[in-house]
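The values are calculated or read from the model by the stated rules, or taken from the named source; none is laboratory data. These figures come from a predicted structure and were not determined experimentally. All Cβ positions, glycine included, derive from the backbone under ideal geometry; neighbour counts span all protein chains shown.
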Amino acid sequence: MPWYVYIIECKDSLLYTGITKDLERRVKEHNSGNGCRFTRYRAPVKLMHSERVGSRPQALIREAEIKRFPRMKKLELFKRAR
């Protein structure tokens, strides 16, 4: 089963980057308040970007890379994906 790196936008326009094996389930968790502390009080969230990667180590590396991006570069990822 592949892994995904994803970026969600919270209701206050902050961005959160994470990894998962099941995107749909994970977004539902974030929206229900069970995703993580960062998004608990920032729901609803919207999936803005996702990338399929082959393994958990690859997902962790890509997640760390994206987290170092400035906000504008993250927003460019959304535009390129459309």
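Before moving on, here are some points about what is shown:
- One residue stands out among those in the range 25-82 that are aromatic (Phe, Trp, Tyr) and within 14 Å of the chain's Cα centre (by Cα): the one that is modelled with the highest pLDDT, which is Phe69.
- Residue that is farthest from Val27 (Cα to Cα) [pool: residues in the range 68-82 that are of a type outside the set (A, V, I, L, M) and touching a residue at least 24 places away in the same chain (Cβ under 8 Å)]: Arg71
- Of everything in the range 42-67 that is in contact (Cβ under 8 Å) with a residue 24 or more places away in the chain and in a helix (DSSP H, G or I), the residue that is surrounded by the fewest Cβ atoms within 10 Å (Cβ to Cβ) is Arg56.
- Within the range 1-24, considering residues that are of a type outside the set (D, E, K, R) and over 17 Å from Phe78 (Cα atoms), the one farthest from the chain's Cα centre (by Cα): Met1
- Count of the range 1-37 residues which are surrounded by fewer than 18 Cβ atoms within 10 Å (Cβ to Cβ), of a type in the set (Gly, Ala, Ser) and under 21 Å from Ala64 (Cβ atoms): 0
- Residues located in the range 22-49, provided they are touching a strand residue (DSSP E or B) at 6+ places or on another chain (Cβ under 6 Å) and basic (Lys, Arg): Arg26, Lys46
- Annotation note: Cβ proximity below 9 Å between a residue of the range 18-37 that is free of Cβ contacts under 8 Å to residues at least 24 places away in the same chain and part of a loop (DSSP other than H, G, I, E, B) and a residue that is surrounded by 14 or more Cβ atoms within 10 Å (Cβ to Cβ) and aromatic (Phe, Trp, Tyr) (sequence gap 6+ or interchain) occurs for Lys21/Trp3; Lys21/Tyr4; Asp22/Tyr4; Gly35/Tyr16; Cys36/Tyr16.
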